[in-house]
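Engineer: Please find one structure pasted underneath; my questions will follow.
The values are calculated or read from the model by the stated rules, or taken from the named source; none is laboratory data. No experiment lies behind these values; they were computed from the predicted model shown. Methodologically, a virtual Cβ is constructed for each residue, glycine included, from the backbone with ideal geometry; neighbour enumeration extends over all protein chains shown.
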Amino acid sequence: MLDRHPAIQVVGEQQIRIIHNLIALPGAKKEEIREIYSHPQGLAQCAQFLQNEMAHAQAIPFFDTAGAVGHIKQVGDTTKAAIAGVPAAKVHGMEILQEGIESNSRNYTRFYIICREERSAVYRSSVAVNRASLNFTVPDRPGSLFEALLVLTKHGLNMKKLESRPIPGKPWEYSFFVETELGDAGAFETALEELKALCHSIRVLGTFTANH
C-alpha cells in the first residue's frame, strides 16, 4: 500500500501477540471437522497443531482469518472450521473449539503505524527516530542491487530487512523494500543522496523508532 500512496508515511511500529484459535459453528465437534480455512500465514503458524491433532481435516487457504470465520458461518456446515482470533469468533457468534493453537507461543506480528505526510512531523517530534524504511528500483543489470546495498555498508547503516516485490503491470520487474538503522548523524542523508544516483526510483517510506 505504501508504494501506491505517496501521501502516507511510516511513523512507528507496533508488535502484537497473535493467538490463533480453532473456531466453528456452535455445536460443532473437533473430531468431526473436515475442512479448516484461514489465511496462509495463519495455517503456517498453526502447522504443528494441524499435523498432530487435525490430520483428518484439509487445510484450505482463505483471503484473511476473520473472513474465514464469516465464510464458515455463511456456509452453515459444522464440519468446517476456521483459524482466527477471539474477536472474529465473537463478532460472528461462533464457538472456539480450542484456544492457542499456534506453534510458537511467542508468535508476534509487527505492524507499521502510518499517517498522512502532513501529520508525520507532529508524530515524530515526540520520539527519537532510529530507523528508516525505503522503497527503490534499480537498473536491470548484473550487480545493480549489490551496488545499492553497498552504499548502506559504506556509511555504516545496519540493514534490518530486505524484501522484493513484483511491480504491477511490469512482468519480471521488482521493487525493493529496505529497512535500515539510521547510523551516525548525517550518515543516512548522505547515503540517500548516493542511492538517488544509482537507483531508477527511490522513496523514503518513513523514519520511526524501532521497538527492538
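Engineer: Identify all residues within segment 106-144 that are surrounded by fewer than 17 Cβ atoms within 10 Å (Cβ to Cβ), of a type in the set (D, E, K, R) and outside any strand (DSSP E or B); write none if there are none.
Structural biologist: Arg106, Glu117, Glu118, Arg119, Asp140, Arg141
Engineer: Turning to a different aspect of this structure: Looking at Arg203, is it within 21 Å of Val129 (Cβ to Cβ) and either touching a residue at least 40 places away in the same chain (Cβ under 8 Å) or surrounded by 14 or more Cβ atoms within 10 Å (Cβ to Cβ) (or both)?
Structural biologist: Yes, satisfied.
Engineer: Can you tell me which residue in segment 110-164 is farthest from Ile202 (Cα to Cα), limited to those that are of a type in the set (Val, Ile, Thr) and in contact (Cβ under 8 Å) with a residue 60 or more places away in the chain?
Structural biologist: Val127
Engineer: Which condition from (1) modelled with pLDDT of 95 or more; (2) under 18 Å from Val11 (Cβ atoms) is the one that Val122 breaks?
Structural biologist: (1)
Engineer: Scan segment 88-96 and tell me whether some residue there is in a loop (DSSP other than H, G, I, E, B), surrounded by 15 or more Cβ atoms within 10 Å (Cβ to Cβ) and in contact with a Lys or Arg (Cβ under 7 Å, 6 or more places away or on another chain).
Structural biologist: Yes, because at least one residue in segment 88-96 is in a loop (DSSP other than H, G, I, E, B), surrounded by 15 or more Cβ atoms within 10 Å (Cβ to Cβ) and in contact with a Lys or Arg (Cβ under 7 Å, 6 or more places away or on another chain).
Engineer: Yes or no: Lys154 surrounded by fewer than 13 Cβ atoms within 10 Å (Cβ to Cβ), over 18 Å from Gln14 (Cα atoms) and modelled with pLDDT of 95 or more?
Structural biologist: yes
Engineer: Of all the residues that make up segment 177-212, how many are over 30 Å from Thr109 (Cα atoms) and among the polar types (S, T, N, Q)?
Structural biologist: Number satisfying all stated conditions: 1.
Engineer: Let me ask another. When residues of segment 157-173 are filtered for being in a strand (DSSP E or B) and modelled with pLDDT of 95 or more, how many remain?
Structural biologist: 6
Engineer: Still on this model: If a residue must be under 30 Å from Arg131 (Cβ atoms) and either in contact with a His (Cβ under 7 Å, 6 or more places away or on another chain) or at pLDDT 95 or above (or both), how many such residues does segment 8-40 contain?
Structural biologist: 4
Engineer: Would you please name the residue that is nearest to Ile36 (Cα to Cα), looking only at residues in segment 62-84 that are within 21 Å of the chain's Cα centre (by Cα) and buried (at least 19 other Cβ atoms within 10 Å of the Cβ)?
Structural biologist: Ala82
Engineer: Could you list, in sequence order, the residues of segment 21-71 that are within 22 Å of Thr109 (Cβ to Cβ), in a helix (DSSP H, G or I) and touching a residue at least 60 places away in the same chain (Cβ under 8 Å)?
Structural biologist: Listed by number, the list holds a single entry, Gln45.
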